[in-house]
Structures are given as C-alpha cells and as structure tokens.
Amino acid sequence: MMASRLLIKTKELEPGYIKHEKPLPKSFAKKPVGAQPSQADTSHLTELFHQNKNDELELAARALLVKYPKHGFIWKVLGAVLQRLGRLDESLEAKKKSSELSPQDAEAAYNLGNALNEVGRFDEAKESYQRAIKVNPNFIKANYNLALVFSKTNQIEKAITHYHREIKINPTFAEAHSNLGNLLKNSGDLDAAQAAYKKALEVNPRYLQAYTNLLYTLAHNPNVSPEDAFQEALRFGEVASQGISPLVHSPVGRDPNKKLRVAMVSGDFWNHAVAYFIEPLLACFDKNQFELVAYYNNTKNDNFTARIKSHFALWRDVAPLTDLQLAQQMFNDGIDIAIDLSGHTDKNRLLTFAYKPAPIQVSWIGFPGTTGLKTMDYYLVDNDWCPVGMFDDYFVEKLVQLPSVVTFAVPEVNVPIVDSPALKNGHITFGSFNRTSKLTQQTLDLWCKVLNEIPTAKMIIGNFSDEALQRQLENEFSKRGISIERLTFYAKKSIPEYLALPP
C-alpha cells in the first residue's frame with residue numbers, strides 16, 4: 001500500500017471540531033521533498049498505523065527520519081502517532097516540521113493548525129488554517145475549524161464570514177449552519193439565528209443539537225409566540241424519541257425503608273449560575289430520607305465543583321458516556337427520581353432522559369420551557385414566573401407549583417457597602433452584564449427610552465469582548481439618540497472583578 005493511503009487522524013479538539021480522516025493526497029507521494037524511502041518502508045508504516053502498533057510505529061518512523069530527515073510524509077506520520085500516544089508537545093513539533101517541508105500540502109498545514117489550537121496557541125492555529133486554505137480554497141474542514149477559532153477568540157465577524165464561505169462550498173454541512181446560528185444569536189440577531197438552525201435541520205432532521213440551539217433561541221426571542229416554541233419542542237421530542245425503547249421499571253418490590261435515590265444531571269456543577277441556584281437547596285435535603293447522586297456532564301472542575309460535590313453521596317463524571325450508557329448507569333444505580341438541570345442548554349443529556357432511566361423524571365432551573373420529551377414527567381415552577389394556568393398548555397410535563405423554585409448562594413466576595421456612587425458622580429449609572437444574545441431590539445428600545453428620559457445617566461455594559469459587536473451595539477444606541485460617550489464597555493469578567501470596577 002502506498003504512503004498516500006495512510007490515514008492520519010487528528011484528535012477532536014472540542015465539540016464541533018472536525019476529525020481529519022481523509023487519505024493523504026496521491027500528489028504528495030509523487031512529489032516528496034528530498035530523498036524518498038522505499039515503497040516497502042512506507043507500506044510498513046501504513047501497516048503499523050492501521051494495526052495501532054504505536055510504539056513500533058514511532059520507532060520505525062524515527063529510524064526512517066535518520067535516513068530521510070527532509071521527508072515531510074514521515075514527519076506527518078510521526079506527528080500522528082505521537083498524538084495517539086498523548087505526547088502533544090512532541091506531536092506539534094513533528095507536525096510543524098511536516099508543514100515546513102511540505103508547504104503545498106494543505107493537510108499538513110491543517111493538522112498543524114489543529115495541534116496548535118489544542119494547546120491554546122490560537123493565533124498560530126489561524127495562520128496554519130489560512131495556509132491550508134490558500135493552498136486549497138475549498139478545503140471544507142480547514143474553513144470550518146478556522147471559523148471555530150475565530151469564534152473562540154471573539155472575532156465574530158470573521159467567524160461568520162468563514163461559516164458563510166464554508167456553507168457556499170458545502171450547503172449540506174448541517175454543523176456549519178448551526179454554528180453560524182450560534183454566532184448570529186450571540187450577536188443579537190435572533191431571527192437570522194433561527195433561520196440558520198432551521199436550515200441545519202432541513203439538511204439533517206436528526207441533528208438534535210440544532211434543535212436545542214433553536215429552542216434556546218426561541219426562548220429568548222420576544223417575537224416568537226409560546227405556541228410556536230411549543231410546536232418546535234414537540235418536534236424535538238418526536239425526533240429524539242425515534243428508535244428508543246424506554247427502560248422498564250418494576251412497580252412493585254421497592255423496600256419502603258430504603259432511602260429515595262434522587263439524581264441530578266447537569267454540566268453546570270462549577271462556577272455557573274445553576275450551581276449558585278442549586279447549592280443552598282442541596283444542604284436542606286434530609287439525608288435520612290434521601291440519597292443524592294450527581295451525574296456531572298462536564299470535564300470542568302473548580303472550587304465550586306468541590307463545594308457542590310460534598311453534598312452528594314455518589315458522584316459520577318459522565319461526559320464520556322453515550323446517552324444510552326448513561327441511561328443504563330442510572331438505571332443500574334437504582335435512581336428513583338432523576339432531575340434534569342439543563343433543559344435545552346449546553347451540555348444537556350436530554351436524550352438520556354428519553355430512555356426513561358428513572359421511574360420519575362423532572363426538569364428544573366436550566367431552561368425556561370418544556371423539554372418536549374414525553375418521558376419527562378414534571379417541571380418545577382413557581383407563581384412568580386409561571387402563574388397558575390397561564391402556560392400549562394405549552395408544556396409536555398405536568399407543572400408542579402412550588403412556593404419558590406430558586407434559591408441563590410451569595411458569591412464569596414468582600415465588597416464594602418458604600419453610599420450610592422450617584423451621590424459622588426452626580427448621575428445615575430445603569431448596568432447590564434448579560435450575554436449579548438439577550439440584548440434584543442425590544443430590550444434596547446426600553447433601555448434607550450430610560451436613558452433619554454434621564455439625559456445625565458450613563459450605562460456600563462459588560463460581557464463584551466468583540467470590537468465589531470461593540471461597534472454594532474454603539475450604532476444601535478446612536479440610532480435611538482444615545483451618545484456613545486454615555487456608554488462604557490467591559491470584557492467578560494468574574495463577579496469579584498465586576499464588583500471591583502470603579503463606580
């Protein structure tokens with residue numbers, strides 16, 4: 001087998017990043033840099049690669065590089081096997097060498113871009129992806145991953161441009177449509193975001209992440225009726241349940257003296273709003289009657305994670321598990337009541353709940369709307385945000401009214417209580433630190449109405465890291481008669497950092 005048939009795979013960088021599994025171009029084998037190894041040598045590398053004999057493959061590649069130190073293909077093989085072995089720094093150097101020796105090999109530049117991206121060297125990753133695209137303008141995966149890096153580094157306009165380019169090359173790429181929708185949502189264009197998600201679903205009706213993105217956006221769009229949002233949720237529930245047989249729970253045989261096992265499933269057990277809401281309640285569970293079990297769908301851990309973890313009798317990190325594997329684990333753990341804390345937000349495991357891993361299933365806190373799943377039994381609400389009888393028809397679940405559904409753990413920050421800054425400044429300062437997707441046209445209309453009524457007032461707007469989005473928002477204020485001199489923008493900060501800002 002020729003060297004050009006060797007499959008070089010790169011590790012998936014994050015959800016949405018494309019794995020490279022394309023055979024190396026035949027043209028590369030025909031036009032090597034420097035002296036060539038024999039066909040037997042390259043065939044041996046290929047065989048070792050496909051047999052996953054990684055240690056032998058590394059030794060063989062290094063031995064050939066002693067003879068052929070300027071052969072880009074062998075460096076590419078070495079970079080791939082070092083990545084398999086988890087030696088990312090060495091892998092990166094090998095991929096860099098491969099790209100330098102083979103400047104016309106778009107895939108070598110692409111592989112290097114992925115390696116740089118993985119270690120957080122984003123500017124260099126962009127350069128590598130751009131070199132790959134320069135060699136091959138229609139390189140779909142390079143365009144896609146470049147857009148993701150632009151998004152990660154808050155260069156939203158450039159990311160949107162590359163998603164449009166990607167979609168032009170491949171209109172049936174559902175992930176590109178959905179990711180474009182995410183950027184449009186984050187820039188405040190909710191209608192355009194919805195159109196992008198619906199296009200993704202038109203291309204791939206089984207793309208459940210696009211459904212979740214769509215439902216999240218519908219919940220933020222004041223132009224969307226509850227009925228329309230509910231119908232989309234029902235469609236999600238139908239698609240999510242296709243081909244799934246819910247697990248069967250025996251109605252008899254439970255020991256009445258056994259503690260109830262209550263599970264909470266979330267990806268937000270870290271310094272996240274959901275964790276602040278849930279922590280005070282965890283301390284109030286009667287440990288003589290309830291046994292709390294956590295299924296944490298995230299790899300992020302911080303001090304808040306440790307605090308949350310101390311309240312659970314059993315903690316399972318479940319991010320690597322498939323939805324079916326997680327459902328089976330919960331079933332085997334004997335969960336009596338399973339509580340979803342995500343709804344249609346990031347890192348949800350709603351598909352697991354479609355398998356009915358617990359006899360009673362509840363959704364709460366994470367998302368202000370129905371899951372759309374018929375296997376979800378209840379949704380916890382209170383009269384403040386969901387008055388009795390007002391929204392019952394827009395939930396698949398039965399609404400359970402509680403005196404209050406949220407508590408809140410006060411952040412541990414030492415901020416002195418002082419007089420109102422307005423007394424010293426001579427003007428009122430308003431503030432917003434929400435994500436940009438919540439800054440709808442109606443919200444801006446209301447803010448500017450208030451600011452026009454109080455001409456001396458100023459406003460602080462946090463959570464802004466993209467200059468293009470800031471200019472866009474400044475223009476929206478200007479159109480409504482508010483001078484940008486009255487506005488101060490800050491990048492996203494922690495709560496203590498926000499509280500430490502000058503008044």
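Bear in mind these aren't lab numbers, they're just calculated from the coordinates by the rules spelled out. All values reported here derive from a predicted model rather than from experimental measurement. Quick reminder, even Gly has a Cβ in these numbers, built from the backbone with ideal geometry, and neighbours come from all protein chains shown.
Which of rounded, prolate or oblate describes the stretch 63-172 when judged by the alpha-carbon gyration tensor and an a/c cut-off of 1.5?
It comes out prolate by the Cα gyration axes.
Report the full-extension gain for the segment V248 to K492: residue separation times 0.36 nm, less the Cα-Cα distance, to one decimal in nm.
Value of the extension gain: 83.2 nm.
Would you tally the net charge around L402, using a Cβ to Cβ cut-off of less than 12 Å, leaving L402 out, and scoring K and R as +1, D and E as -1?
Around L402, the surrounding residues sum to -2.
Would you mind calculating the gained length between D89 and R435 on full extension (0.36 nm times residue separation, minus the Cα-Cα distance), in nm to one decimal?
Going from the current span to full extension adds 121.1 nm.
How many nm separate the modelled label positions at D384 and A306, each set 7 Å beyond the Cα in the direction of the Cβ?
Calculated label separation equals 3.2 nm.
What is the helix-to-structure angle for 441-453, meaning the angle in degrees between its Cα long axis and the longest Cα principal axis of the chain, kept from 0 to 90 and rounded to the nearest 10?
Tilt of helix 441-453: around 60 degrees.
Between A63 and D445, what is the label-to-label distance in nm when each label sits 7 Å out along the Cα-to-Cβ direction?
Between A63 and D445, the simple spin-label model gives 7.5 nm.
So for the chain: antiparallel DSSP bridges make up what percent, rounded to the nearest 5?
5
Quick check on my link table: of K76/K152; K374/K398; K70/K97; K185/K458; K424/K492, which ones sit more than 18 Å apart, alpha carbon to alpha carbon?
K76/K152; K185/K458; K424/K492
Only one of the values (i) 56, 30, 20; (ii) 44, 33, 22; (iii) 100, 30, 24 was calculated from this structure for semi-axes √(5λ) of the Cα gyration tensor in Å; name its label.
Answer by label: (ii).
State whether the stretch 86-235 is rounded, prolate or oblate according to the following rule on the C-alpha gyration tensor (a ≥ b ≥ c being the square roots of its eigenvalues): a/c under 1.5 gives rounded; otherwise a/b larger than b/c gives prolate, and the remaining case gives oblate.
prolate
Per residue of the chain, what 222 nm ellipticity follows from adding -39500 (n - 2.57) for every DSSP H run with n ≥ 4, rounded to the nearest 500?
-14500 deg cm²/dmol, from helical runs alone.
Would you count, across the stretch 198-345, every pair of lysines whose alpha carbons are under 22 angstrom apart, provided the pair is eight or more residues apart or spans two chains?
5
I need the GluC sites (Glu not before Pro) found in the stretch 399-503, filtered to DSSP loop residues with at most 11 other beta carbons within 10 Å of theirs.
In loop regions of the stretch 399-503 (DSSP not H, G, I, E or B), the sparsely surrounded GluC sites (Glu not before Pro) are E412.
In the neighborhood of I156, defined by Cβ-to-Cβ distances under 10 Å, what is the net charge if each Lys or Arg adds +1 and each Asp or Glu adds -1?
My count for the surroundings of I156 gives -2.
With charges only on Cβ, +1 for K and R and -1 for D and E, what is the dipole size of the chain about its Cα centre, in debye, rounded to 20?
With only Lys, Arg, Asp and Glu charged at Cβ, the dipole is about 1700 debye.
May I ask you to order 415-425, 256-266 by the average number of other C-beta atoms within 10 Å around their residues, highest value first?
Ranking, from highest mean packing down: 256-266, 415-425.
Evaluate E = 1/(1 + (r/R0)^6) for A273 and I169, where r is the Cβ-Cβ distance and R0 equals 35 Å; express this FRET efficiency to the nearest 0.05.
Once the sixth-power term is evaluated, E becomes 0.35.
If a/c stays under 1.5 just call it rounded; otherwise compare a/b with b/c (prolate if a/b is bigger, oblate if not). Do that for the stretch 421-499, with a ≥ b ≥ c from the square roots of the Cα gyration tensor eigenvalues.
oblate
What aspartates and glutamates sit close enough to K449 to cross-link, taking a C-alpha to C-alpha distance under 19 Å and skipping anything fewer than 8 places away on the same chain?
Excluding near neighbours in sequence, the set is E474, E476, E485.
For L314 and L234, compute 0.36 nm times the residue count separating them, minus their Cα-Cα distance, and round to one decimal in nm.
Separation in residues times 0.36 nm, less the Cα-Cα distance, equals 25.5 nm.
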